[in-house]
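*Asks:* Here you go, one structure.
The values are calculated or read from the model by the stated rules, or taken from the named source; none is laboratory data. In this text, all values refer to a predicted model and were calculated from it rather than measured experimentally. Neighbour counts run over all protein chains shown; Cβ positions are idealised from the backbone, glycine included. The area values use the complete protein model at the heavy-atom level, side chains included, leaving out ligands, DNA and RNA. Shrake-Rupley method; radii C 1.70, N 1.55, O 1.52, S 1.80 Å.
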Amino acid sequence: MTEREKMLKKLSSYDFALVELHLYLDTHAGDRDALAKLEEYERKAIALRDDYEKNFGPLSPMSEINNPYSWINSPWPWDNGEE
C-alpha cells in the first residue's frame, strides 16, 4: 500500500468516525466524552486532509479556492498505474 493510499484510508476512517459520533450525539447530547472525541477526530481529520493535499493535491474541487479546476490534474480513482 502506498503512502497516498494509507493516508486516504486513515482519512476515510476519521470521516466515518465523525459521522457516527454526530449521529450518536444527536441522541446523547450531554455525553462530554463523545463530544471530546468528536473534536479530537475533527482536528486530526483537518490536519491529515491538509497534509494529504500538500503532498498529493486536492481531494475535491472545493479544496483549491484559487484554482478550483486543479484537481483534474490529480490521478483519478481508476488511474492506479496498472494496465
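*Asks:* Got a number for carbon plus sulfur as a percent of region 1-53's accessible area, 1.4 Å probe?
*Replies:* 54 percent
*Asks:* What FRET efficiency, computed as 1/(1 + (r/R0)^6) with R0 = 22 Å and r the Cβ-Cβ distance, is obtained for Trp78 and Lys9, rounded to the nearest 0.05?
*Replies:* Step by step, r from the Cβ atoms, then E = 0.80.
*Asks:* Right, another one. Average projected area of the Cα convex hull of region 1-51, in nm²?
*Replies:* 3.4 nm²
*Asks:* How much solvent-accessible surface does Thr27 expose, in Å² to the nearest 10, with a 1.4 Å probe and all protein chains in place?
*Replies:* Looks like 100 Å² after rounding.
*Asks:* Would you kindly state how much longer the chain becomes between Phe56 and Asp33 on full extension, computed as 0.36 nm times their sequence separation minus their alpha carbon distance, in nm to one decimal?
*Replies:* That works out to 4.9 nm of additional length.
*Asks:* Give the cross-link partners of Lys54 among the lysines, using a straight C-alpha distance below 21 Å as the criterion and excluding same-chain residues fewer than 8 apart.
*Replies:* Once the sequence-local lysines are set aside, what remains near Lys54 is Lys6, Lys9, Lys10, Lys44.
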